[in-house]
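The values are calculated or read from the model by the stated rules, or taken from the named source; none is laboratory data. Just so it is clear, the structure is predicted and the values come from calculations on it, not from any experiment. Cβ coordinates were reconstructed from backbone atoms using ideal geometry, including for glycine residues, and neighbour counts include every protein chain displayed.
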Amino acid sequence: MEFRQVQYFICLFEEGTVTRAARRLNIVQPALSMQIARLEDELRQKLFERTRKGMVPTALARQMYRQFLPVMRDFAQARAQVMSADGEISGSVKIGVIGSITEGVMAETLGAFSETYPAVEVTVLDGYSRTLSDWVAGGHIDVAIINKPRGRLGLDVEHIVDEEMLLISGAGRGAPLPPRLTLAQIASLGRDLVLPTREHGLRAILDSFAQHADVDLTPKFEIDSLVTTVKLVEQSELVTILPHICVHRPLMEGRVHAHEIASPRITRQVVAVTHPRRPLNSATAAFVAMLTQEMRSRTRVGAPGELPAPS
């Protein structure tokens, strides 16, 4: 089994067709097919079922992919470290980020990072915190930015920021709301709530605080897309509870209003999780640092009762 064969196998597994895999590898299709056939001959088992829709991986192929992907990623990181020894950062970044961060600061971070490190390729995946943690553990991504988990993950966890969550209402929608409310007052406002589903990390945080305060936060709508949630609040008398980072731009543009939740104050902790045996390469470390700086610049600051000024 040769290194090149494993590289070709992983690419074909991910792309699903010989045509797309050969294009990604920048080789001709017969060369790819020949190497996969040699690999199958050596293993004496099929790795793919050839169908009209593409190459369907067998059980053995799925097992091989899980085992070899972390090895190949470690090799790529080691190569990037060596290549950047002259001080110029290159290589690739593969990061998983929860939706509230993706929708809040990712575009700005990617733009600034690309200008600073033009030789680095960046892949961003979003998902739930648990899914992203599993991807880090399995070697599918280098690092994940998630809400701090309650239990132990077996991964390295680094604190990024604590962020206060706010009640968000549409500007000019319904009777004006007080600048500061308790969680119990929010439940009795007579305004319908739109919240993420129970699969979402933000909902788990809200439910935990509500249960501790003995408050019922039953939403009228459950929507995981935070972009959709904010637009719905803008256009109606619905209200929601979100971190400031998710509504930074709508607040600046005056499309929504933010109201402090005074009792209990609801905060979420955002962390970076990495595999203890897979240190980040220089490119990924630089990207996480830039993303962290951008997040902290958007985090609610000030004394209790103050709302953050637009930045």
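Of the residues screened, Arg152 is one that is out of contact with any helix residue (DSSP H, G or I) (no Cβ under 6 Å at 6 or more places or on another chain) and assigned to a loop (DSSP other than H, G, I, E, B). Please enumerate the residues belonging to region 69-112 that are modelled with pLDDT of 85 or more and either over 30 Å from Glu164 (Cα atoms) or among the aliphatic types (A, V, I, L, M) (or both). Hits for region 69-112 are Ser92, Val93, Ile95, Val97, Ile98, Ile101, Val105, Met106, Ala107, Leu110, Ala112.
Residues of region 219-257 being in a loop (DSSP other than H, G, I, E, B) and either surrounded by fewer than 20 Cβ atoms within 10 Å (Cβ to Cβ) or assigned by TED's automatic domain parsing to the domain that holds Asp126 (or both), which ones? Explain how you work it out, then say what you get.
The initial filter retains those residues of region 219-257 that are in a loop (DSSP other than H, G, I, E, B), namely 219-220, 223-225, 235-238, 253-255.
Those that are in a loop (DSSP other than H, G, I, E, B) and either surrounded by fewer than 20 Cβ atoms within 10 Å (Cβ to Cβ) or assigned by TED's automatic domain parsing to the domain that holds Asp126 (or both): Pro219, Lys220, Ile223, Asp224, Ser225, Gln235, Ser236, Glu237, Glu253, Gly254, Arg255.
Figure legend. Inter-residue proximity from region 204-228: first residues within 19 Å of Gln269 (Cα to Cα), second residues among the basic types (Lys, Arg) and surrounded by 12 or more Cβ atoms within 10 Å (Cβ to Cβ), beta-carbon distance below 7 Å, spacing 6+ or different chains. Indicated pairs: Ile205/Arg268. None of Ala175, Ala184 is of a type in the set (A, V, I, L, M), farther than 19 Å from Ile245 by Cβ and modelled with pLDDT under 90 except Ala175.
Within region 109-149, track down each residue that is charged (D, E, K, R) and either out of contact with any helix residue (DSSP H, G or I) (no Cβ under 6 Å at 6 or more places or on another chain) or free of Cβ contacts under 8 Å to residues at least 40 places away in the same chain (or both). Reasoning before the result, please.
Applying the first criterion (charged (D, E, K, R)) to region 109-149 yields 115, 121, 126, 130, 134, 142, 148.
Residues satisfying the conditions are Glu115, Glu121, Asp126, Arg130, Asp134, Lys148.
Looking only at residues in region 187-199 that are closer than 20 Å to Cys246 by Cα and part of a loop (DSSP other than H, G, I, E, B), which one is modelled with the lowest pLDDT? Once the filter is applied, the top-ranked residue is Glu199.
Inspect all residues belonging to region 124-140 and state whether any of them is in a strand (DSSP E or B) and buried (at least 17 other Cβ atoms within 10 Å of the Cβ). Working first, answer last.
Filtering region 124-140 for residues in a strand (DSSP E or B) gives 124-126.
With the extra rule that they be buried (at least 17 other Cβ atoms within 10 Å of the Cβ), the set shrinks to 124, 126.
Yes: region 124-140 contains one or more residues that are in a strand (DSSP E or B) and buried (at least 17 other Cβ atoms within 10 Å of the Cβ).
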